[in-house]
Amino acid sequence: MHRTYEMTLGTSPFKVEVGRVAEQADGACVIHYGETVVLCTATMSEKPRAGIDFFPLSCDYEERLYAVGKIPGGFIKREGRPTEKAVLASRLIDRPIRPLFPDNMRNDVAVVATVWCCDQTHAPEVAAMIGANIALAISDIPFNGPVSSVNIGLVDGQLIVCPNEEQREASQLHLTVSSTKHKVMMIEAGANEVDEATMMKAIELAHDENVRIVEFIESIVAKEGKPKKSFESMEIPAEIYSAVTNFIGSQRMEEAVFFEIKQMRDEALSLIKEETKEALAPQFEDVSDIEGWIGQAIYKFEKETVRKMILVDGKRPDGRTANQLRNLHSSVDILPRTHGSAIFSRGQTQVMTVTTLSSMSDVQRLDGLDLGEEQKRYMHHYNFPSYSVGETRPNRGPGRREIGHGALAEKALLPVLPDVEDFPYAIRTVSEVVSSNGSTSQAAVCGSSLSLMAAGVPLKKPVAGISVGLVTGATDDEYILIDDIQGIEDFFGDMDFKVAGTDAGITAIQLDMKIEGLTHEIIKASLDHCRKTRLEILENSMNPAISTPRPQISKYAPKIVMIQIDPERMGEVIGPKGKVIHQIIDECGGSKRELGGISIDTMDDGKIYVVGTNMDNIQKAVAMINLILETPEVGAVFKGKVVRLMSFGAFVEIAPGKDGLCHISQLAVERVNAVEDVVKVGDELAVRLIEIDDTGRLNFSHKATIPGYEDSKPPAKKPSSGPPNRGGDRRPPRR
């Protein structure tokens, strides 16, 4: 027998069903949010996974296209690999709950959210995030939650909890906040240059709403919750940890981690590990996997040493002060033939970003649950090769981290991109991490901004990004914020708070936690830190390299001219089976753009994009399209092509699909006995439009274009004053 629990989320009913399906999962519930329905489950393995030193949590957000009444495209009619949006939703579920599991648990835990139905108004991601926490909270899996998550929008200056589809379209802010009853666990935001004060108000509003939802979840747990299972703790044995710390000593460990250059630090730590294992392993021969335990003990000792140095001694591993940035360097035009390129360096973190411009036919087509978003014009991709951290591992394609970092940089730059009407290009930036030592995602933001401006993309403003870290003590009041965290500070610190934006406001946020949440005081201070350092990066590094977009795009980039026409007349431009549009392309250099040809992209809304590298061919194609659509003026002269001969005249095409008759009497000043005596098919012929008849047919004259023709015409006869001549000399009309 299933039970139902209900509350209101935003302005809509939010219903939770427990006990109806998935009874063999450790925890399961079905969420009904409006007409959006999501199944959320949580399961845990009976035993810990052997030989690992991390918590094996997997979170999957699964889209089913039947949820929006669609059948998957392609040859195989079933869902394949997750979409980018599904990967990002999986990360949203994972990030706030991961810190809330016991530190020393190594049992596999799987959280799965499957979208069964989606109504486009009520976000399935929010339902999945809340539902995943309900499934965990009522299960017997050890978990220190629950966490709740809500979306916040900003429409006409008003903050809105869980905006609907129409409000999301108009919103200047797309904010997701996850929090426990007491602290904020995760922030994900895209914004249109929202100031820090407004962002803080939105985060506080989200937290207040989350507190209400957590109380609702707790009421469900009170009735449905199972006793939590015990688990085998993988805590490092005290005697091993004591032996390791005594052998190494605090001073040597501090000396080992205190290096500005990452490679030197790695070498010192590698030597410590070898000596420690060689010395201590024989003392613990009866302990299985003793080398693994020693390795974990060294890692723990290193972490405690770094945290103490920062929090107590005010000493960072590379010698910087808490608010000091590493050396900055920006440069553009790295690659000679790409449309735009730039390298941004911050210490040993170095990212090269390359911009490519193309026609709107190269926009990314999306096949997901969002029916209103079928294509993406701007694409940012982030690559993290193993050599960037001095490792050797095969390239298996982008993982969730790479997809997440690429999406973050994309989100940061979207608000400053020009509208498609002003810049009708599909835009792709690719960030190649060539060296990594902390916060490469924000270096990718900086590098992308530089690369886009170098390519001539008219950005409204340059965007910079930075990350601030945190080390906490025993209480909420004992903490230190550190700007521009490097790798070791990210590994051993308590948060990675990334903020990107312009000099006017925030465009993107991503907060990842390793502890059980942040107070509002720390969040506000972090936003202030990020604003200060963001402006420093813009002023001291990025602006000296390039401060405004180039006035012209690269000579290697395609040139695009957009024409807006009545959508109902698009058929005239395309022609039957594409005949007209193919003829235009053939007459304007062919279809190979690299050889000076053109391509023509037509859109359902009446936009036509003429694309090429040769501007003369582009303008020629535009003129041909305009001629097809315009009604020509009587008296206008055209250079046409003879396309068909008849006994009474020649048909002359002045634009693809648009022709008219040049009567035999109009082919020459002198009398013409046969049309073939004067012209043949394929000849170019100058003609003047002399008439548009009642049915819209065009009548041309070639002899009217001959110089002096008007002077050679015999004078017109004066009309007779007598009765009209009705004799047999009336000539029939020539046509």
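The values are calculated or read from the model by the stated rules, or taken from the named source; none is laboratory data. Please read these numbers as outputs of a predicted model, since none were measured by experiment. Cβ sites come from the backbone with ideal geometry, for glycine too, and all protein chains shown count toward neighbours. The accessibility values were calculated without ligands, DNA or RNA, using every heavy atom of the protein model including side chains. Shrake-Rupley method; radii C 1.70, N 1.55, O 1.52, S 1.80 Å.
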Globularity index of region 171-295, i.e. its alpha-carbon radius of gyration over 2.2 N^0.38 Å: 1.75
Given 641/703; 559/592; 181/308; 620/641; 262/514; 559/620, the pairs whose alpha carbons are separated by over 20 Å: 181/308; 262/514
Return one whole number: the accessible area per residue of region 118-186 in Å², for a 1.4 Å probe. 31 Å²
Output the 0 to 90 degree angle, nearest 10, between the alpha-carbon long axis of helix 124-138 and the longest principal axis computed from the alpha carbons of the chain. 20 degrees
May I ask you to order 629-637, 358-366, 99-107 by the average number of other C-beta atoms within 10 Å around their residues, highest value first? 99-107, 358-366, 629-637
Can you tell me how region 557-634 classifies by the Cα gyration tensor, rounded, prolate or oblate, using a/c under 1.5 as the rounded cut? prolate
For region 11-143, projected area of the alpha-carbon convex hull averaged over all directions, nm²: 9.3 nm²
Hey, how many Å between the Cα centroid of region 422-445 and the Cα centroid of region 522-541? 20 Å
What span do the alpha-carbon atoms of region 135-203 cover on each of the three principal axes, reported in whole Å from largest to smallest? 45, 25, 15
Share of Cα-Cα pairs in region 654-709 lying beyond 18 Å, as whole percent: 33 percent
Counting only protein heavy atoms and leaving out ligands, DNA and RNA, the solvent-accessible surface of residue 556 at a 1.4 Å probe, in Å² to the nearest 10, equals 80 Å²
How far is helix 440-454 tilted off the main Cα axis of the chain, in degrees rounded to 10, range 0 to 90? 20 degrees
Taking the 0 to 90 degree range and rounding to the nearest ten, how far is the long axis of helix 615-629 tilted relative to the main principal axis of the chain, both from C-alpha atoms? 60 degrees
Kindly report, to the nearest 10 Å², the accessible surface of residue 286 as traced by a 1.4 Å probe over protein heavy atoms only. 140 Å²
According to the square roots a ≥ b ≥ c of the eigenvalues of the Cα gyration tensor, what is the shape class of region 1-87, taking rounded for a/c under 1.5, prolate for a/b larger than b/c otherwise, and oblate for the remainder? oblate
Heavy-atom accessible area order for 481, 414, largest first, 1.4 Å probe: 414, 481
From the P(r) of the chain, could you give the percentage of C-alpha pairs in the tail past 39 Å? 50 percent
Order these peptides, 1-7, 176-182, by their mean beta-carbon neighbour count within 10 angstrom, highest first. 176-182, 1-7
Under the Karplus relation with 6.51, -1.76 and 1.60 and θ = phi - 60°, whole-Hz ³J(HN,Hα) for region 176-182, x at Gly and Pro, equal 10, 10, 10, 7, 7, 5, 10
Based on alpha-carbon centroids, what's the gap between region 286-322 and region 1-51 in Å, whole number please? 40 Å
With every protein chain in place, what's the accessible area of residue 258 (1.4 Å probe, Å², nearest 10)? 80 Å²
